Structure formats: C-alpha cells, structure tokens
1. With a/c under 1.5 counting as rounded, go ahead and sort the chain into rounded, prolate or oblate using the C-alpha gyration tensor (a ≥ b ≥ c being the square roots of the eigenvalues; past the cut-off, prolate if a/b is larger than b/c, else oblate).
2. Probe of 1.4 angstrom, ligands and nucleic acids ignored: what's the accessible area per residue over the chain, in square angstrom?
3. Within 12 Å, Cβ to Cβ, of THR11, how many net charges do the neighbouring residues add up to if Lys/Arg are +1 and Asp/Glu are -1?
4. Once phi is turned into θ = phi - 60°, what whole-Hz ³J(HN,Hα) does the Karplus curve with 6.51, -1.76 and 1.60 give for every residue of segment 9-18, x standing for Gly and Pro?
5. Could you compute how much accessible surface THR46 exposes when probed at 1.4 Å, giving the result in Å² to the nearest 10?
6. For labels at ALA109 and VAL4 in the simple 7 Å Cα→Cβ model, what's the distance in nm?
7. With all protein chains present and a 1.4 Å probe, how do LYS33, LYS129 order by accessible area, largest first?
8. Which of the listed residues, ALA117, TRP26, TYR49, is farthest toward the dipole's positive end in the chain, when Lys, Arg count +1 and Asp, Glu count -1 at the beta-carbon?
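The values are calculated or read from the model by the stated rules, or taken from the named source; none is laboratory data. A quick note: this is a predicted structure, and the numbers were derived from the prediction, not measured. Cβ sites come from the backbone with ideal geometry, for glycine too, and all protein chains shown count toward neighbours. Quick note on the areas: whole protein, heavy atoms, side chains included, nothing else; ligands and nucleic acids left out. Shrake-Rupley method; radii C 1.70, N 1.55, O 1.52, S 1.80 Å.
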Amino acid sequence: SMVVTCKDVLTSYDVLCYVHDKKSKWMHPHRAKDFMYHCMECMLSTKQYVANVLDFFRKNERCGMLVPPTLDFGFFSVLGAETARNEASIKQAYEMMKLTCPLDDNPVASFGNYFWARGEALKPVFNHK
C-alpha cells in the first residue's frame, strides 16, 4: 500500500522513517509483543537516537536505508535465508528497475517492514510502474 499510495510524499523527503503497528498474529502473542517492541526501540528509542540516525545519514551520503537488526527466535529463524524462496523474484525486480548497485547475495532484510531511508534511494521502487 505504501508503494502505491505514498510514493509522491515519501520521495519528497531527504530522510524518512517508516513505522507502523505490528500484530504478527502468526506468532505467540508474547513474542509478537517483543518483536514490535524491538522494532520500535530500533527506530524511535529516544530523541537522541533519532538525532543520531539523522546525523548518520548526513555523514554517510551513500547510505540509502537502515533497518533494525533481525531477531532470532530460535524456533523460527530466517537468519541466513533472508531471500528464502524470493531470490528469482528479487533478481527480476532488480533488473526491471535497472538498479546499478551490486546485488548482494546475502542481503539485509527489513523484517517487520520498519526502516529509515533516503527518499532518493526509494525512487527506483516508487517510479517503477
């Protein structure tokens, strides 16, 4: 929904923060709550934390996106298998959007769909029809 409805707004910002409520109905309620807490703490912990993130983007012009570290719940782990069954689709999307940065064989994924990003870095995704 974000790619369809918010692209004009989001790409107009130098840096943006994408957060949302997180229910994770597929996992135990206590773990889901821990997961949401982890994501929010890694995004908007304190005013100083947010200032540090913005300063990081200012000092590191090549950084396009920051995501919370992936949690390993033990019983359910995606660590090391972030692309899972989507590898072919990811490569196809990469080629369709004519991205020029190297495609990482072991990408860092934004589990929970929480992230900080440069509006400019998201334009290839948002501009693709």
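1. Judged from the Cα gyration tensor, the chain comes out oblate (a/c at least 1.5, b/c at or above a/b).
2. Dividing the accessible area of the chain by its residue count gives 73 Å².
3. 0
4. 6, 5, 6, 7, 9, 5, 9, 9, 10, 10
5. Taking all protein chains as shown, THR46 has close to 70 Å².
6. 2.3 nm
7. Largest accessible area first, the list is LYS129, LYS33.
8. TRP26
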